[in-house]
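Written below as structure tokens is the structure these notes are about.
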Amino acid sequence: MAAAEGTYEFRVNGELSERICGIVADFSEMRIVAAPPETLIYSRAPDVLHLRAILRLCEQLGLRVLSVQRVPDPRGVR
């Protein structure tokens, strides 16, 4: 299995409410970027378990994940 460590972009459908933005941001130093009609969420994932936990959080919040991709580390995401 390939290593999961890296920074990921989660593209979700729609714009996030302030409440959901707060929950997501508290989860793991995530950066949220509005890109109407979608939202981009950036986060570091040190391993596959963390990556799965982020996806599980999105599911629990009712977010429809459109895509997930590994991206170069942008400034501000550690």
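If you add up the charges near Val65, with Lys and Arg at +1 and Asp and Glu at -1, over every other residue whose beta carbon is less than 14 angstrom from its beta carbon, what do you get? Within the 14 Å Cβ shell, the charges total +1. Couplings 3J(HN,Hα) for the stretch 14-27, derived from phi with the Karplus relation 6.51 cos²θ - 1.76 cosθ + 1.60 (θ = phi - 60°), are x, 9, 8, 5, 4, 4, 5, 4, x, 5, 5, 5, 6, 5 Hz, where x marks Gly and Pro. Computed from backbone phi, the HN-Hα couplings of the stretch 32-48 come to 10, 10, 6, 9, x, x, 10, 10, 9, 10, 10, 7, 7, 10, x, 7, 4 Hz, rounded to whole numbers (Karplus: 6.51 cos²θ - 1.76 cosθ + 1.60, θ = phi - 60°; Gly and Pro given as x). In the stretch 6-71, the C-alpha radius of gyration followed by the widest Cα-Cα span (Dmax) gives 10.6, 30 angstrom.
Working from Cα pairs under 8 Å separated by at least six residues, relative contact order for the stretch 6-71 is 51 percent.
The numbers here are math on the coordinates, done by the rules we state, and not lab data. Owing to the predicted nature of the structure, the values given are computational and were not obtained by experimental measurement. With ideal geometry, Cβ positions are generated from the backbone for all residues, glycine too; neighbour counts draw on all protein chains shown.
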